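Novice: Please find one structure pasted underneath; my questions will follow.
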Amino acid sequence: MDWPLWCARTLSAVIRGGHFNPAITLGMAIDHQISWPVSFWYIVAQLAAGIGAAATVRAAVVATGGAANFIGQNTTKVDDVSLVVIEAVLTTMLVLVYLMTKKQHQVLGGLINGFALTVISIAGYNLTGPSLNPARSLGPALFAGGDSLVQLWLYVLGSVLGAGVAALLMMIFDRETPKKEKQ
């Protein structure tokens, strides 16, 4: 399921860090791993890519005779507060894993992050069909409309809150980690 993510992240990590998720970008900016101006342009590009990807999927589905109203959008039957809390908790876990691997396991980061995304997605599937990524929510919601568009802000809010919590936890962990003495 996350093999393409692992490949894309691993191959692009050499160039610019390989993250495709505005929640991760926000977490990195709060954790001072990238600057705010750079993070702004990353997020713009990530949201545009999410819309472009959804448009491509929609065009492919329509071209093959499929139903164009279901292209991977998120909807849920849980109440709004539960949706935001669940998305925030799951996104916190994902962003925290990313921030930790970015600092400590650069080579295996794509594999570790892909595994984390798979486990977290499976864990939250029956709850919210987790997005964990505002770009992944935005694109499909724009093309699907209906409940997906109505609930979009809840998925985005949960992801943003989760990114903030993860970055704050990372700052706490960094502060508490003993520094190696220079020899």
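The values are calculated or read from the model by the stated rules, or taken from the named source; none is laboratory data. All values derive from a computational prediction rather than experimental measurement. Positions of Cβ are generated from backbone atoms using ideal geometry, with glycine treated the same way; all protein chains shown enter the neighbour counts. Accessible surface is based on the protein model in full, side chains and every heavy atom, while ligands, DNA and RNA are left aside. Shrake-Rupley method; radii C 1.70, N 1.55, O 1.52, S 1.80 Å.
Novice: Measuring from a point 7 Å past the Cα of PHE173 along Cα-to-C-beta, which residues in segment 118-149 have an amide N at less than 14 Å?
Specialist: none
Novice: Take peptides 115-122, 134-141 and line them up by average Cβ neighbours within 10 Å, highest first, as a rough protection proxy.
Specialist: Details: 115-122: 16.8, 134-141: 26.1.
Ranking, from highest mean packing down: 134-141, 115-122.
Novice: Read phi for every residue in segment 55-61 and hand back ³J(HN,Hα) as whole Hz from Karplus 6.51 cos²θ - 1.76 cosθ + 1.60, θ = phi - 60°, with x for Gly and Pro.
Specialist: Karplus-based 3J(HN,Hα) across segment 55-61 equals 5, 5, 4, 4, 4, 5, 5 Hz.
Novice: Heavy atoms only, 1.4 Å probe, whole protein assembly: order VAL97, VAL89 by accessible area, highest first. Walk me through the numbers before you get to the answer.
Specialist: On the way: VAL97 45, VAL89 80 Å².
Largest to smallest exposure gives the sequence VAL89, VAL97.
Novice: If you don't mind, another one. What ³J(HN,Hα) values, in whole Hz, does the Karplus curve 6.51 cos²θ - 1.76 cosθ + 1.60 give for segment 150-166 when θ = phi - 60°, with x put for Gly and Pro?
Specialist: Karplus values, whole Hz, x for Gly and Pro: 5, 8, 3, 4, 5, 5, 5, 4, x, 5, 5, 4, x, 4, x, 5, 4.
Novice: Continuing with this model, one more query. Sort PHE20, PHE143 by heavy-atom solvent-accessible area, probe 1.4 angstrom, most to least.
Specialist: Details: PHE20 95, PHE143 75 Å².
From most exposed to least exposed: PHE20, PHE143.
Novice: If you don't mind, there's one more thing I want to ask. Using a 1.4 Å probe on the protein heavy atoms only, what accessible surface does TRP153 show? Give it in Å² to the nearest 10.
Specialist: 150
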